Amino acid sequence: MTIEGQINTLRKELQQHNYAYYVLDNPTISDYEFDMKLKTLQELEMKHPEFYDANSPTLRVGGQITKNFETIVHEYRMYSLDNSYSREDLLDWETRIKKQVDGEVQYSCELKYDGASISLTYEKGVLIRAVTRGDGFQGDDVTNNIKTIKTVPLKLQGRYPDKFAIRGEIILPFDGFKKMNEERVAAGEEPYANPRNTASGSLKLQDSTEVAKRPLACLLYNLTGDNLGVESQMESLEKAREWGFKVPDAAKLANSIDEVLEFVNYWDEQRHNLPYETDGVVIKVNNLQQQEELGYTAKAPRWAMAYKFQTEQAESVLKEITYQIGRTGAITPVANLEPVQLAGTTVRRASLHNADQIAKLDIRVHDTVYVEKGGEIIPKIVGVNLTERAVDSLPTVYISECPECTTTLIRNEGEAQHYCPNVTGCPPQIVGRIQHFISRKAMDIEGLGGETVALLVKEGLITNYADLYELTVEQLLPLERMAQKSAENLVAGVAKSKEIPFERVLFALGIRYVGETVAKKLVKHFKTITAIMNASEEALVSVDEIGIRIAQSVREFFSLEVTRIIIERLRQYGVQLEISAEELAGQTALLQGEVYVVSGVFHKISRTELKKLIENNGGKVSTSISARTSFVIAGDKMGPSKLEKADKLGIPLLSEDEFLEKVMFEA
């Protein structure tokens, strides 16, 4: 056999043994035999670098150094999940689903793993990229580190699509976590706090050799892409197993919410016997066509729901109440607690939300309070142990002045929070607005972090985000921990942010109630910052999904003279304050005022592309047929109840070809 043949044979053998050991939990050779084969392969590869393979089993041991993790835009967005906590929540969800899809609805039930989300992309059966969830739109390329995880196949087996992504969770099993902490304690180091944070932190280690030392695992649960050759979630899990992925076998098909709850109740008790952390169950509509019909909200799929297990609770003593000021001036009271262990982490602080919540629970300093983690993430106080309250305890008096600038606080009618109205002179508001402006979802300015922003404000170099565009390397060099290269990178990062599209710039401005989705809708409708600034309240409310509260906030923001001065400065610096010519070229008003429902299976373009065409031509996409519907674009296998409703309301049906002809699109 040739040298190349020996190398390829060893690679295939080791990949199969690795799959048997880590995925099937059924080793076919001893550890010693595996190590000897791996050593032989390493020696052959070192002598013959001409046969290098980026996915060789030898690379599982790491060795690559990543100083800067490249930001990658997800080809398919990674959404969050809506949460439920009761049978009533699930029944309400089911009711919404059955209003929008035809036929029987089945549900896949899977455990919700508590780790770090990851998206793996494969082309022609080979792992080409691994990207963290990030903000859902983009994440960090951690491919070198992921390749060291034994349960991630570098090459697939069987028959698989040419290209697809698969989502999963990087977890650290309890046994491995315990062993890691024992080794750290023995070495005189602090033990890690919990498996989830340790797993997440492992993905951003610069040296992949260090990642390889950690007993991480990857549990996969969702295929994403086009032409995957599967029709249901349960089928996709089975296919993923066949291709070599580690897919837990706890998943079950349910025919009703009652069967879903049986699964939930079983695992609420049995989860403590699992080898890794889980904090709930993920329920999905099993049929993928029905999933497409249901679509997404701005943040989550309508076809999936997370059912969270009952939250752990602990007691602690409230030492002090302090007050934080956000970038919008909102005041948040914070409980400073005696440290307490809760759900694997040490909790020292918890949000008290607002004055009404403090009054409702009658929370007082020195009380013994009950602490929970909301959604297993954010600590909150849910009650007071009155039997432990001191007889001389005094009720909490909410502050009346800003703790930072002493401005008298205001509270608008119908709102729960107090606000500091000193927009231009309150330091936390100034810092917070600039930190929001530079954040990843907004201007994404590389080389500039939150601490540096605070330092720049403290040193008087900036007082608003427009000042960033006047910073020079010479101004930055005297700052603490600011070297020549760091200063140059910061200035370059600010300059590059001038390329950020208008919709993200509008979000970056930090207008109250204007999140990413609202910013996109405003930009799409008005096209320029000038048009938005001059729009009346009525004009703003006429935009789809823009309510009176958002409209009032936008008007109030742009009515300030200081805002208009900053906007004009941003314009002069070259920041994008209108839709680009390229974006405008792809948009028309051809379907202005028309509402479309897309239903069925399509062949020339995908459902997503159809919806984009509607929106780019000024139309609106709706998920359900009503009297306001202008047309239904009917594909194959359109549900009979939708056909019946369209016929009853006299809504015209368009075939895929008829619609494409209408917008003059050539597939």
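The values are calculated or read from the model by the stated rules, or taken from the named source; none is laboratory data. Small disclaimer: the values here were computed from a predicted structure and weren't measured. Here the Cβ is made from the backbone with ideal geometry for all residues, glycine too, and neighbour counts use every protein chain on show. Each accessible area value is taken on the protein alone, full model and side chains, heavy atoms only, with ligands, DNA and RNA left out. Shrake-Rupley method; radii C 1.70, N 1.55, O 1.52, S 1.80 Å.
Odds and ends about this structure:
- Global form of region 287-443, assessed from the alpha-carbon gyration tensor, a/c cut-off 1.5: oblate
- Solvent-accessible area of region 446-585 (1.4 angstrom probe, protein heavy atoms only): carbon and sulfur portion equals 51 percent.
- With the charge dipole of region 280-425 set up from +1 on Lys and Arg Cβ and -1 on Asp and Glu Cβ about the Cα centre, the Cα lying farthest toward the positive end among the listed residues 417, 289, 366 is that of 289.
- Long-range Cα-Cα pairs in region 539-584 (distance over 17 Å), rounded percent: 54
- Signed unit charges on C-beta, dipole axis of the chain, positive-most listed residue 127, 518, 580: 580
- Rg(Cα)/(2.2 N^0.38 Å) for the chain, N = residue count: 1.07
- Each residue was assigned an accessible area with a 1.4 Å probe, and for residue 436 the value is about 20 Å².
- Based on protein heavy atoms only, region 602-667 ends up with 59 Å² per residue of surface accessible to a 1.4 Å probe.
- Here the dipole of region 401-449 is about 120 debye; that uses its Cα centre as origin and unit charges on the Cβ of Lys and Arg (positive) and Asp and Glu (negative).
- Farthest toward the positive end of the dipole of the chain, out of 598, 663, 652, is the Cα of 663, where the dipole comes from beta carbon charges about the Cα centre.
- Surface share of carbon and sulfur [accessible, 1.4 angstrom probe, percent] for region 173-287: 45
- Protein accessible area in region 322-417, 1.4 Å probe - carbon and sulfur %: 50
- Solvent exposure of region 363-426 amounts to 58 Å² per residue of accessible area, where only protein heavy atoms count and the probe is 1.4 Å.
- Exposure ranking of 461, 41 by accessible area [1.4 Å probe, largest first]: 461, 41
- Solvent-accessible area per residue, Å², over region 179-334 with all protein chains present [probe radius 1.4 Å]: 46
- Size of charge dipole - the chain - debye, nearest 20, with Cβ of Lys, Arg +1 and Asp, Glu -1, no other charges: 580
- Over 24 Å (Cα to Cα) - which of 520/620; 604/648; 47/124 fall in this group: 604/648; 47/124
- Accessible area, probe 1.4 Å, largest first, for residues 481, 433, 411: 481, 411, 433
- Ellipticity estimate at 222 nm from DSSP helix runs (n ≥ 4, -39,500 (n - 2.57)) divided over the chain, nearest 500: -10500 deg cm²/dmol
- The charge dipole of region 427-578, taken about its Cα centre with unit charges on the Cβ atoms of Lys, Arg (+1), Asp and Glu (-1) only, comes to about 240 debye.
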